[in-house]
Amino acid sequence: MRGKTVAILESRLGRQFAELIAKHGGRPLHAPALAEVPDLDRGVIARLVADLEAHPPRVAIFQTGVGTKALFEATDALGLTDRLLAVFARTLVAVRGPKPTGVLRGRGVRMDFSAQDPFTTAEVLAMLAQTPVAGERVVVQRYGVTNVELEEALQARGARVIEIPTYRWSLPADTQPMIGLIDTIEQRGVDAVAFTNAAQVYNLFELATTLGRADALHSGLNSTLVASVGPVCSDALKKFGVTVGLEASPPKLGPLISALEQALS
């Protein structure tokens, strides 16, 4: 990357992402744009377990490791984990990727379906394509936002979707790094901006709108290289009229770094 400045908005893996950019010769500018806020009501979870016992679901879909872990931590505190595990023993269990797989394996849960790499919603739908769900209940462990594409596709097949909220995405408590990034983008001080989550796009423009600087942000982004981790992130950028300069394929951090290095070298 030869000394080029790359802005990153990743939160959870921000440090690792910054280190990878530096390892490839770039200068990372880190402005985390997401905060994971707990969104788990133990009373709701207790009622959910009782409801699932009375009306067992056909399928349970686990999308993230952190959300799956939070669910079991809540049932541990409520003394309901054994009852929830008994429900899952009678349910087809589907996992989106290796992180929820690890949590479920640690709890002794049998897994019937595993999405293929790169673990996007398309792969989740593909792994369930031959499973009848019309008139059936399907439990979906939510991540930071509702997976609208997944839920609408399941509902179109006649499923009744039951969402389990565990955490939600929000703006960070400290938005100064994001404001500094907006300043730098407006001043054309970066060579690339890398987005690794669609919610980063929405949060950045939400903050810019609050500051009355959305138009300037839009102009600044369209004057630099905008890198997207994948199609969902790219769609969010396009909604704000931002031109996507490159998109990782498959949608993962490694291919994104490789694409950035090729584009900036």
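We did not get these values from a lab; they are worked out from the coordinates using the rules stated. All values reported here derive from a predicted model rather than from experimental measurement. Here Cβ is always computed from backbone atoms with ideal geometry, including for glycine, and neighbour counts include all displayed protein chains.
For this structure, a couple of remarks:
- Of the cross-linked pairs Lys99/Lys252; Lys99/Lys239; Lys69/Lys99, those separated by over 20 Å at the C-alpha level are Lys99/Lys239.
- Charge context of Gln116, other residues only, Cβ under 12 angstrom, K/R +1, D/E -1: -1
- Note: relative contact order over the chain, using C-alpha pairs below 8 Å and six or more positions apart, is 21 percent.
- The fewest-to-most ranking of Phe195, Phe17 by surrounding Cβ atoms within 10 Å reads Phe17, Phe195.
- Compared with the alpha-carbon gap, the fully stretched path from Arg2 to Ile162 is longer by 52.7 nm at 0.36 nm per residue.
- Distance between the stretch 179-199 and the stretch 203-265 - C-alpha centres, whole angstrom: 8
- Label point of Val44 set 7 angstrom out along Cα-Cβ; within the stretch 110-150, amide nitrogens under 16 Å from it belong to 139-148.
- Span-rule helices in the chain, defined as complete DSSP H runs reaching 27 Å or more along the axis (Cα) with Kyte mean at least 0.0: none
- When each of Arg157, Arg12 is scored by the number of other beta-carbon atoms lying within 10 Å, the sequence from fewest to most is Arg12, Arg157.
- Most fluctuating residue given options Gly245, Gly67, Gly108, as computed from a GNM of the chain linking Cα atoms under 10 Å: Gly108
- Here is how the number arises for the chain: DSSP H runs of 4 or more residues each give -39500 (n - 2.57), the sum is divided by the residue count, and the result at 222 nm is -14000 deg cm²/dmol.
- Across the stretch 123-265, the relative contact order, built from alpha-carbon pairs under 8 Å that are at least six residues apart, equals 17 percent.
- Charged neighbours of Val49, selected by a Cβ distance under 11 Å, balance to 0 (K, R count +1; D, E count -1).
- Our summary gives the stretch 38-169 a relative contact order of 29 percent, counting only alpha carbon pairs under 8 angstrom and 6 or more residues apart.
- Sorted by Cβ neighbour density within 10 Å, fewest at the top, the residues Lys23, Lys4, Lys238: Lys23, Lys238, Lys4
- 18 Å Cα-Cα reach of Lys4 towards aspartates and glutamates, excluding residues that sit fewer than 8 places from it in its own chain: Glu19, Asp183, Glu186, Asp191, Glu261
- Where the Cα pairs of the stretch 38-169 fall when distances are cut into 10 Å bins, in %: 13, 49, 34, 4
- Note on the chain: Kirkwood radius taken over Cα pairs, Stokes-Einstein applied at 4 °C and 1.567 mPa s, translational D equal to 65 µm² s⁻¹.
- Between Asp51 and Glu186, full extension at 0.36 nm per residue minus the direct alpha carbon distance yields a gain of 43.4 nm.
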